[in-house]
Amino acid sequence: MGFTVNSSELTLTLLSVTNRDITRKNGQSLHRAIKHRLREKLRARKFELDRVERTYRRKKKTEHKLKTHIEDAVARRDPSIQTLVRQYNTLCKEMKKLVKERKAPKNSIPPAPIDPKAIWGLDVDDEIWQDVGLDEEDDDTEPPLWLKDDTVRSGIRAMLELDRCEEEEVRIFHECRALRYWLAEEWEVVASAMAEADDNDDFGLRHQLQLRRTELCKLCASWSTAIRGIPFKLEGLPPWGPSDDELRAVRLDDKNAKTVARDVDDDDDEEVEADGEEEELPIEDIEAFQRAEVYAQNTVDSYLDLGF
């Protein structure tokens, strides 16, 4: 006994099944993409807030400014996270509706929506980590190490801090070389201008240039001491400019100036202490002054009584 199949009906049936399967695949892919983005944003937010909490414990002024900056940055990104949550929950409703209307494949499980108020905690059992209905084959997977292991979390923060330090090291190396290039060029320009001023007997200009030369010597003494321990490349760099004798003279003058200033401050402190001691009068002197005032007042009263 045979049977006949209408080719058009078979084609429509296959297209319907294929479309449902494509719709399910696309829905799952879109769900996974949104959830992946949401996880990444929440992870970044969590690490930033961890730094804020550590800064709050230290309570330093500079760290407080950094804490405020991070909090503002986190607050600006919160709306985008909430938008992803709404998009994800809207897709969950659509997939649940398809399952209810039996337009989804058999035994399909719609993904559970995410509670917008519970996404900030990032607990291990939060819905954000569950991929029920989104994977091709549901399997039991453990939470990632960065979430459940404090040692891994500390290591991630240390690695990020190391990366920032290495970036800063490169910038410092470039800055050290730029300082030396700039000072060498300034020194050469001042030396050339002084030579020209000597040829023209311009003593006023030469005096100003000499002051500038002394200022450059002070900068060189300060900068060369400050960057002495930084291992930047010296190949191809010009010399600082000032000679060793000039640098020693500048350092000696600076040391003497600091010594004189310290001695003056000590003398001022001693004068203040001495003035304070002079203002304090013994109790006997105070009583003597009081008796003198009483005597003077009594004398005035007696003269008034006599008619003077």
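Within the set Lys41/Lys96; Lys218/Lys258; Lys35/Lys103; Lys35/Lys93; Lys233/Lys255; Lys218/Lys255, which residue pairs have Cα atoms separated by over 20 Å?
The pairs that break the limit, which is 20 Å between Cα atoms, are Lys41/Lys96; Lys35/Lys103; Lys233/Lys255.
Can you check what the net charge comes to around Gly236, using other residues whose Cβ is under 12 Å from the Cβ of Gly236 (Lys, Arg +1; Asp, Glu -1)?
+2
Place a point 7 Å from Cα of Leu237 in the direction of its Cβ. Which residues in segment 144-173 have their backbone N less than 13 Å from it?
Answer for this model: 172-173.
Taking the Cα-to-Cβ direction at Ala75 and at Asp149 and moving 7 Å from each Cα, how far apart do the two end points lie in nm?
Each label point lies 7 Å from its Cα, and together they span 3.7 nm.
Would you please state the base-10 log of I(q)/I(0) at q = 0.10 1/Å for segment 173-265, with intensities from the Debye formula using one equal scatterer on every alpha carbon?
-0.34
Order 248-259, 94-105 from most to least packed using the mean count of other Cβ atoms within 10 Å. Don't skip to the end; give the middle numbers.
Numbers: 248-259: 12.4, 94-105: 15.1.
The peptides rank, most packed first, as 94-105, 248-259.
What net charge is computed for the residues neighbouring Ala195, neighbours being all others with C-beta under 13 Å from the C-beta of Ala195, Lys and Arg scored +1, Asp and Glu -1?
Summing Lys/Arg as +1 and Asp/Glu as -1 gives -4.
A short reminder: the numbers here are calculations on the coordinates, not readings from a lab. Note that the structure is predicted; figures quoted are calculated from it, not measured. Cβ atoms come from the backbone with ideal geometry, glycine included; neighbour counts cover every protein chain shown.
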